[in-house]
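Coordinate-derived values only; no laboratory data. Here the structure is a predicted model, which means the values were calculated and not measured. Ideal geometry is used to build each Cβ from the backbone, glycine not excepted, and the neighbour counts take in all protein chains shown.
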Amino acid sequence: KEKIMVKVASIKNIIKDLTPRQKKAMRRHAVHHSLAHIRSMTRSLKKGSTFANAHSKAMRTTGK
């Protein structure tokens, strides 16, 4: 669990402009994905993309 906390803490600044619901989802999601993936998803979400669409796009561009 310690590893999870470190990873979640490291996305804190990346997800700061998202809605509370999106932040919660991203914190759960970050456990399984790289920071590059999380950054890509955050950019898409800020532009109005849905979570699923943002994830698909991030998987295509940055991978896991």
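Sequence-ordered 3J(HN,Hα) estimates for segment 54-64 from the Karplus curve with 6.51, -1.76 and 1.60 and θ = phi - 60° stand at 4, 5, 4, 5, 5, 5, 5, 7, 9, x, 6 Hz, glycine and proline given as x. Between the beta carbons of Ala9 and Thr61, assuming R0 = 25 Å, the FRET efficiency works out to 0.55 to the nearest 0.05.
Sorting the Cα pairs of the chain by distance into bins of 10 Å, from 0 upward, gives 24, 60, 16, 0 percent per bin.
With contacts taken as Cα pairs under 8 Å at a separation of at least 6 residues, the chain carries a relative contact order of 31 percent.
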